[in-house]
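Worksheet: the structure to be examined is printed underneath.
The values are calculated or read from the model by the stated rules, or taken from the named source; none is laboratory data. No experiment lies behind these values; they were computed from the predicted model shown. Quick reminder, even Gly has a Cβ in these numbers, built from the backbone with ideal geometry, and neighbours come from all protein chains shown. Heavy atoms of the whole protein, side chains included, go into the accessibility calculation; ligands, DNA and RNA do not. Shrake-Rupley method; radii C 1.70, N 1.55, O 1.52, S 1.80 Å.
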Amino acid sequence: MARHGIHHVTAISGEARRNVDFYTRILGLRLVKRTVNFDDPGTWHLYYGDETGQPGTILTFFPWAQASQGRQGVGELHETIFRIPQASVGFWTHRLLAQGVAQETTTERFGETVIAFRDPDGMRVALVALPGIDSEPGWATADIPAEHAVRGIHGVTLMLEDGAATGAILSDVLGLAETAKEGNTVRYQAPGTTIGGIVDLRSVGGFLPARQGRGSVHHLAFRAADDAEEAAMVRRLAENHGIRTTEQMDRNYFRSVYFREPGHVLFEIATDIPGFAVDEPAETLGTTLKLPRVLEKHRAEIERALPELA
(Lines give C-alpha, C1' and ligand atoms only; values in the text may rest on other atoms or scores of the structure.)
Protein backbone atom coordinates (compact mmCIF):
# COMPACT_ATOMS: atom_id res chain seq x y z
CA MET A 1 0.00 0.00 0.00
CA ALA A 2 1.35 3.45 -0.93
CA ARG A 3 2.19 5.66 2.03
CA HIS A 4 1.24 9.31 1.96
CA GLY A 5 2.02 12.20 4.25
CA ILE A 6 5.19 14.21 4.78
CA HIS A 7 8.36 13.31 2.89
CA HIS A 8 10.55 16.07 4.39
CA VAL A 9 10.66 19.63 5.67
CA THR A 10 13.31 22.06 4.36
CA ALA A 11 14.27 25.16 6.33
CA ILE A 12 16.80 28.02 6.35
CA SER A 13 19.37 28.24 9.13
CA GLY A 14 22.27 30.48 10.03
CA GLU A 15 25.72 29.06 10.75
CA ALA A 16 26.08 25.47 9.50
CA ARG A 17 28.25 24.25 12.40
CA ARG A 18 25.72 25.45 14.99
CA ASN A 19 22.89 23.82 13.05
CA VAL A 20 24.68 20.45 12.97
CA ASP A 21 25.45 20.64 16.68
CA PHE A 22 21.84 21.36 17.63
CA TYR A 23 20.16 18.72 15.50
CA THR A 24 22.70 15.91 15.95
CA ARG A 25 24.04 16.44 19.48
CA ILE A 26 21.10 18.06 21.27
CA LEU A 27 18.16 16.46 19.44
CA GLY A 28 20.02 13.29 18.47
CA LEU A 29 19.01 13.10 14.82
CA ARG A 30 21.29 11.37 12.37
CA LEU A 31 22.99 13.48 9.70
CA VAL A 32 22.05 11.25 6.78
CA LYS A 33 23.30 13.33 3.86
CA ARG A 34 25.92 16.03 3.30
CA THR A 35 25.33 17.56 -0.08
CA VAL A 36 24.88 21.05 -1.52
CA ASN A 37 22.03 23.24 -2.62
CA PHE A 38 21.91 22.22 -6.29
CA ASP A 39 20.91 25.80 -7.24
CA ASP A 40 23.61 27.36 -5.03
CA PRO A 41 26.50 24.85 -4.79
CA GLY A 42 28.50 27.01 -2.39
CA THR A 43 25.83 26.31 0.25
CA TRP A 44 25.42 23.09 2.20
CA HIS A 45 22.19 21.12 2.02
CA LEU A 46 22.10 19.08 5.21
CA TYR A 47 19.62 16.25 5.74
CA TYR A 48 18.76 14.91 9.21
CA GLY A 49 16.59 11.87 9.90
CA ASP A 50 16.43 8.42 11.39
CA GLU A 51 18.99 5.63 10.91
CA THR A 52 18.09 5.02 7.25
CA GLY A 53 16.67 8.43 6.32
CA GLN A 54 13.21 7.10 5.58
CA PRO A 55 10.55 9.52 4.31
CA GLY A 56 8.67 11.15 7.14
CA THR A 57 11.77 11.49 9.34
CA ILE A 58 13.69 14.06 7.28
CA LEU A 59 14.37 17.68 8.20
CA THR A 60 16.78 19.50 5.88
CA PHE A 61 18.51 22.88 5.97
CA PHE A 62 20.11 25.43 3.71
CA PRO A 63 22.59 27.14 6.09
CA TRP A 64 23.10 30.75 5.03
CA ALA A 65 25.23 32.38 7.72
CA GLN A 66 24.47 35.92 6.51
CA ALA A 67 20.72 35.43 6.12
CA SER A 68 18.53 38.01 7.84
CA GLN A 69 16.11 36.82 10.50
CA GLY A 70 12.79 35.57 9.19
CA ARG A 71 9.45 36.78 10.51
CA GLN A 72 6.73 34.34 11.45
CA GLY A 73 3.28 35.02 10.13
CA VAL A 74 0.54 33.94 7.78
CA GLY A 75 1.47 31.79 4.78
CA GLU A 76 4.18 29.61 6.26
CA LEU A 77 4.96 26.35 7.98
CA HIS A 78 4.83 27.49 11.61
CA GLU A 79 6.13 24.48 13.55
CA THR A 80 7.73 21.07 12.96
CA ILE A 81 6.81 18.40 15.53
CA PHE A 82 8.85 15.26 16.24
CA ARG A 83 7.66 12.04 17.91
CA ILE A 84 9.03 10.74 21.21
CA PRO A 85 7.83 7.85 23.41
CA GLN A 86 5.33 8.88 26.08
CA ALA A 87 7.68 7.73 28.83
CA SER A 88 10.41 10.09 27.55
CA VAL A 89 8.79 13.42 28.48
CA GLY A 90 10.89 13.73 31.65
CA PHE A 91 14.11 12.84 29.84
CA TRP A 92 13.56 15.50 27.17
CA THR A 93 12.36 18.17 29.56
CA HIS A 94 15.54 17.77 31.62
CA ARG A 95 17.79 17.43 28.58
CA LEU A 96 16.60 20.62 26.92
CA LEU A 97 16.92 22.48 30.21
CA ALA A 98 20.46 21.17 30.73
CA GLN A 99 21.42 22.22 27.20
CA GLY A 100 20.09 25.75 27.70
CA VAL A 101 17.16 25.36 25.31
CA ALA A 102 14.27 27.51 26.50
CA GLN A 103 10.98 25.61 26.50
CA GLU A 104 7.44 26.85 26.44
CA THR A 105 5.07 25.53 29.08
CA THR A 106 4.24 21.89 28.32
CA THR A 107 0.77 21.75 26.81
CA GLU A 108 -1.78 19.35 25.37
CA ARG A 109 -2.92 19.44 21.76
CA PHE A 110 -5.43 17.00 20.42
CA GLY A 111 -4.97 15.03 23.65
CA GLU A 112 -1.19 14.72 23.19
CA THR A 113 1.55 16.14 25.44
CA VAL A 114 3.71 18.67 23.56
CA ILE A 115 7.07 20.21 24.50
CA ALA A 116 7.64 23.29 22.31
CA PHE A 117 10.88 25.26 21.86
CA ARG A 118 12.98 27.02 19.22
CA ASP A 119 16.25 26.07 17.58
CA PRO A 120 19.23 28.49 17.67
CA ASP A 121 17.90 30.37 14.63
CA GLY A 122 14.41 30.80 16.07
CA MET A 123 12.66 28.05 14.14
CA ARG A 124 9.75 26.56 16.06
CA VAL A 125 10.24 22.87 16.91
CA ALA A 126 8.25 20.60 19.22
CA LEU A 127 8.27 17.07 20.63
CA VAL A 128 5.00 15.18 21.02
CA ALA A 129 4.79 12.25 23.45
CA LEU A 130 3.00 9.23 21.98
CA PRO A 131 2.02 5.86 23.46
CA GLY A 132 2.91 2.60 21.75
CA ILE A 133 6.00 3.71 19.84
CA ASP A 134 8.64 2.46 22.29
CA SER A 135 9.39 -0.58 20.14
CA GLU A 136 10.15 1.51 17.05
CA PRO A 137 13.90 1.74 16.38
CA GLY A 138 15.64 4.89 17.62
CA TRP A 139 19.00 6.39 16.62
CA ALA A 140 21.17 6.28 19.76
CA THR A 141 23.91 8.84 20.42
CA ALA A 142 26.48 9.24 23.18
CA ASP A 143 23.97 11.20 25.31
CA ILE A 144 20.62 9.89 24.07
CA PRO A 145 19.84 6.20 24.52
CA ALA A 146 17.71 4.54 21.85
CA GLU A 147 14.77 4.22 24.26
CA HIS A 148 14.41 8.01 24.40
CA ALA A 149 15.41 8.84 20.81
CA VAL A 150 13.25 10.83 18.44
CA ARG A 151 11.09 8.58 16.25
CA GLY A 152 10.67 10.73 13.16
CA ILE A 153 8.34 13.61 12.37
CA HIS A 154 4.87 13.57 13.87
CA GLY A 155 3.56 16.42 11.77
CA VAL A 156 3.64 20.11 10.99
CA THR A 157 1.47 23.14 11.64
CA LEU A 158 0.75 25.62 8.86
CA MET A 159 -0.38 29.15 9.73
CA LEU A 160 -2.84 30.37 7.09
CA GLU A 161 -5.34 33.15 6.50
CA ASP A 162 -8.00 30.51 5.81
CA GLY A 163 -7.20 26.81 5.64
CA ALA A 164 -10.17 25.60 3.60
CA ALA A 165 -8.60 25.67 0.13
CA THR A 166 -5.35 24.17 1.44
CA GLY A 167 -7.33 21.43 3.16
CA ALA A 168 -9.04 20.59 -0.11
CA ILE A 169 -5.65 19.95 -1.74
CA LEU A 170 -4.44 17.87 1.20
CA SER A 171 -7.49 15.62 0.98
CA ASP A 172 -8.07 15.53 -2.79
CA VAL A 173 -4.47 15.38 -4.06
CA LEU A 174 -1.99 14.50 -1.32
CA GLY A 175 -3.74 11.57 0.37
CA LEU A 176 -4.68 13.06 3.75
CA ALA A 177 -8.11 13.28 5.38
CA GLU A 178 -9.61 15.64 7.95
CA THR A 179 -9.73 13.83 11.29
CA ALA A 180 -10.20 16.41 14.08
CA LYS A 181 -10.66 20.07 14.96
CA GLU A 182 -9.46 22.01 18.01
CA GLY A 183 -10.17 25.73 18.20
CA ASN A 184 -9.02 27.33 14.94
CA THR A 185 -6.85 24.33 14.00
CA VAL A 186 -8.03 21.52 11.70
CA ARG A 187 -6.05 18.27 11.68
CA TYR A 188 -5.44 16.26 8.51
CA GLN A 189 -3.89 12.81 8.65
CA ALA A 190 -2.62 10.31 6.10
CA PRO A 191 -4.48 7.02 6.68
CA GLY A 192 -2.17 4.14 7.60
CA THR A 193 0.85 6.44 8.04
CA THR A 194 2.31 6.74 11.54
CA ILE A 195 5.50 8.71 10.79
CA GLY A 196 5.05 12.09 9.14
CA GLY A 197 1.33 11.58 8.81
CA ILE A 198 -0.14 14.80 10.23
CA VAL A 199 -0.68 18.33 8.91
CA ASP A 200 -2.48 20.82 11.15
CA LEU A 201 -3.97 23.89 9.48
CA ARG A 202 -4.28 26.86 11.82
CA SER A 203 -6.46 29.62 10.38
CA VAL A 204 -5.48 33.03 11.80
CA GLY A 205 -6.96 35.74 9.61
CA GLY A 206 -5.54 39.22 10.09
CA PHE A 207 -1.95 38.35 11.00
CA LEU A 208 1.02 39.85 9.15
CA PRO A 209 2.38 37.72 6.30
CA ALA A 210 5.51 35.69 7.00
CA ARG A 211 8.86 36.95 5.77
CA GLN A 212 11.31 34.22 4.84
CA GLY A 213 14.79 34.23 6.34
CA ARG A 214 16.89 32.56 8.99
CA GLY A 215 14.66 30.37 11.15
CA SER A 216 11.99 30.02 8.43
CA VAL A 217 10.80 26.90 6.67
CA HIS A 218 11.48 27.04 2.93
CA HIS A 219 9.08 24.31 1.82
CA LEU A 220 7.09 21.24 2.83
CA ALA A 221 7.42 18.03 0.79
CA PHE A 222 4.78 15.32 0.49
CA ARG A 223 5.29 11.70 -0.45
CA ALA A 224 4.63 9.97 -3.76
CA ALA A 225 5.64 6.32 -4.04
CA ASP A 226 7.15 6.72 -7.52
CA ASP A 227 7.07 8.78 -10.72
CA ALA A 228 3.69 7.41 -11.80
CA GLU A 229 1.98 8.38 -8.55
CA GLU A 230 3.63 11.79 -8.62
CA ALA A 231 2.39 12.36 -12.19
CA ALA A 232 -1.13 11.38 -11.15
CA MET A 233 -1.01 13.91 -8.32
CA VAL A 234 0.20 16.61 -10.73
CA ARG A 235 -2.71 15.88 -13.11
CA ARG A 236 -5.27 15.95 -10.28
CA LEU A 237 -3.87 19.23 -8.97
CA ALA A 238 -4.26 20.83 -12.42
CA GLU A 239 -7.62 19.33 -13.32
CA ASN A 240 -9.39 19.78 -9.97
CA HIS A 241 -7.68 22.89 -8.56
CA GLY A 242 -6.24 24.79 -11.53
CA ILE A 243 -2.72 24.68 -10.08
CA ARG A 244 0.28 23.78 -12.22
CA THR A 245 3.58 22.52 -10.85
CA THR A 246 7.14 22.97 -12.01
CA GLU A 247 8.70 20.40 -14.29
CA GLN A 248 10.05 17.35 -12.44
CA MET A 249 13.52 17.94 -10.96
CA ASP A 250 15.98 15.18 -10.11
CA ARG A 251 17.29 15.73 -6.57
CA ASN A 252 19.41 12.53 -6.65
CA TYR A 253 17.60 10.98 -3.65
CA PHE A 254 14.08 11.71 -4.88
CA ARG A 255 12.42 13.37 -7.87
CA SER A 256 10.32 16.44 -7.20
CA VAL A 257 7.79 18.95 -8.45
CA TYR A 258 6.89 22.21 -6.68
CA PHE A 259 3.87 24.51 -6.42
CA ARG A 260 2.39 27.26 -4.26
CA GLU A 261 -0.73 26.09 -2.49
CA PRO A 262 -3.62 28.58 -2.00
CA GLY A 263 -2.30 29.71 1.40
CA HIS A 264 1.06 30.63 -0.24
CA VAL A 265 3.18 27.86 1.37
CA LEU A 266 5.61 26.26 -1.08
CA PHE A 267 4.68 22.58 -1.44
CA GLU A 268 6.78 19.84 -3.03
CA ILE A 269 5.79 16.35 -4.10
CA ALA A 270 8.80 14.03 -3.77
CA THR A 271 9.15 10.37 -4.73
CA ASP A 272 10.11 7.82 -2.08
CA ILE A 273 12.65 6.41 -4.54
CA PRO A 274 15.58 6.02 -4.93
CA GLY A 275 16.40 7.02 -1.32
CA PHE A 276 19.53 8.15 0.50
CA ALA A 277 21.54 4.95 0.13
CA VAL A 278 21.79 5.41 -3.64
CA ASP A 279 25.29 6.93 -3.43
CA GLU A 280 26.72 5.65 -0.12
CA PRO A 281 26.15 2.64 2.15
CA ALA A 282 23.49 2.95 4.86
CA GLU A 283 26.18 2.36 7.50
CA THR A 284 28.10 5.51 6.51
CA LEU A 285 25.27 7.87 5.56
CA GLY A 286 26.12 11.53 6.00
CA THR A 287 29.85 11.14 6.62
CA THR A 288 31.21 12.61 3.37
CA LEU A 289 30.21 15.26 0.84
CA LYS A 290 28.08 13.84 -1.95
CA LEU A 291 27.57 15.74 -5.19
CA PRO A 292 25.38 15.18 -8.24
CA ARG A 293 27.27 14.08 -11.33
CA VAL A 294 26.96 17.49 -12.96
CA LEU A 295 28.85 19.10 -10.06
CA GLU A 296 31.58 16.49 -9.53
CA LYS A 297 33.99 18.31 -11.85
CA HIS A 298 33.74 21.32 -9.51
CA ARG A 299 34.31 19.32 -6.31
CA ALA A 300 37.59 20.97 -5.28
CA GLU A 301 36.14 24.47 -5.76
CA ILE A 302 32.95 23.56 -3.88
CA GLU A 303 34.84 22.01 -0.99
CA ARG A 304 36.91 25.20 -0.61
CA ALA A 305 33.74 27.33 -0.52
CA LEU A 306 31.78 25.26 2.01
CA PRO A 307 32.15 26.19 5.71
CA GLU A 308 33.40 23.60 8.18
CA LEU A 309 30.73 21.52 9.93
CA ALA A 310 32.75 20.50 13.00
Find the eigenvalues of the gyration tensor of the Cα atoms of region 205-310, then list the square roots of 5 times those eigenvalues as equivalent ellipsoid semi-axes, largest first, in whole angstrom. 30, 21, 12
Name the trypsin sites (Lys or Arg not before Pro) in region 216-310 that are in a loop by DSSP and that have at most 14 other C-beta atoms within 10 Å, would you? Arg244, Lys297
State, to one decimal in nm, how far the label point of Leu97 lies from the label point of Ile273, with both points 7 Å from Cα in the Cβ direction. 4.9
Region 174-254: percent of C-alpha pairs farther apart than 18 Å? 61
With a ≥ b ≥ c taken as the square roots of the eigenvalues of the C-alpha gyration tensor of region 40-193, please select rounded if a/c is under 1.5 and otherwise prolate if a/b is larger than b/c or oblate if it is not? rounded
Expressed as a whole-number percentage, the relative contact order of the chain with C-alpha contacts under 8 angstrom and at least six residues apart is 25
Contour excess over end-to-end distance, with Cα ends at Glu104 and Met249 and 0.36 nm allotted per residue: 48.3 nm
As an exercise, use a Förster radius of 25 Å and the Cβ-Cβ distance of Ala238 and Asn37 to find the FRET efficiency, rounded to the nearest 0.05. 0.35
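Do any GluC sites (Glu not before Pro) in region 218-270 lie in a loop, going by DSSP, with at most 12 other beta-carbon atoms within 10 Å of their beta carbon, and if so which?
On the way: sites: Glu229, Glu230, Glu239, Glu247, Glu268; in loops: Glu247.
Passing sites in region 218-270 are Glu247.
Figure the gain on full extension for His264 and Glu178 (residue separation times 0.36 nm, minus the Cα-Cα span) and round it to one decimal in nm. Walk me through the numbers on the way to the answer.
Values: separation 86, 0.36 × 86 = 30.96 nm, distance 2.01 nm.
Full-extension gain reported as 28.9 nm.
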Hey, quick one: spin label on Arg25, modelled 7 Å out along Cα-Cβ, who in region 269-310 has an amide N within reach, i.e. under 17 Å? 308-310
Where a ≥ b ≥ c are the square roots of the eigenvalues of the C-alpha gyration tensor, would you call region 130-234 rounded, which needs a/c under 1.5, or, failing that, prolate if a/b is larger than b/c, or oblate? prolate
If I take every Cα pair under 8 Å that is 6 or more residues apart in region 132-229, average their sequence separation and divide by the length, what percent do I get for the relative contact order? 25
When the accessible area of the chain is split by element with a 1.4 Å probe, what percent falls to carbon and sulfur? 51
Can you bin region 1-91 into rounded, prolate or oblate? Criterion: square roots of the alpha carbon gyration tensor eigenvalues sorted a ≥ b ≥ c, rounded for a/c under 1.5, prolate for a/b above b/c, oblate for the rest. rounded
Could you point to the label whose value was computed as percent of Cα pairs over 34 Å apart for the structure here, given (1) 17; (2) 41; (3) 48? (1)
Which residue, chosen from Gly205, Pro262, Gly242, occupies the Cα position most advanced towards the positive end of the dipole of region 140-268, where the dipole is computed from +1 (Lys, Arg) and -1 (Asp, Glu) charges on Cβ about the Cα centre? Gly205
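What accessible area per residue, rounded to a whole number of Å², is obtained for the chain using a probe radius of 1.4 Å? Intermediate values should be presented prior to the final figure.
Numbers: 13220 Å² over 310 residues.
That works out to 43 Å² per residue.
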When the chain is treated as a Gaussian network with springs between alpha carbons less than 10 Å apart, the largest mean-square fluctuation among Ala67, Ala142, Ala165 is found at Ala142
Starting from the 7 Å offset along Cα-to-Cβ, what nm value, one decimal, do you get for the label separation of Gln69 and Glu147? 4.0
In the Gaussian network model of the chain, springs joining C-alpha atoms below 10 Å, which of Ile269, Ile153, Ile144 carries the largest mean-square fluctuation? Ile144
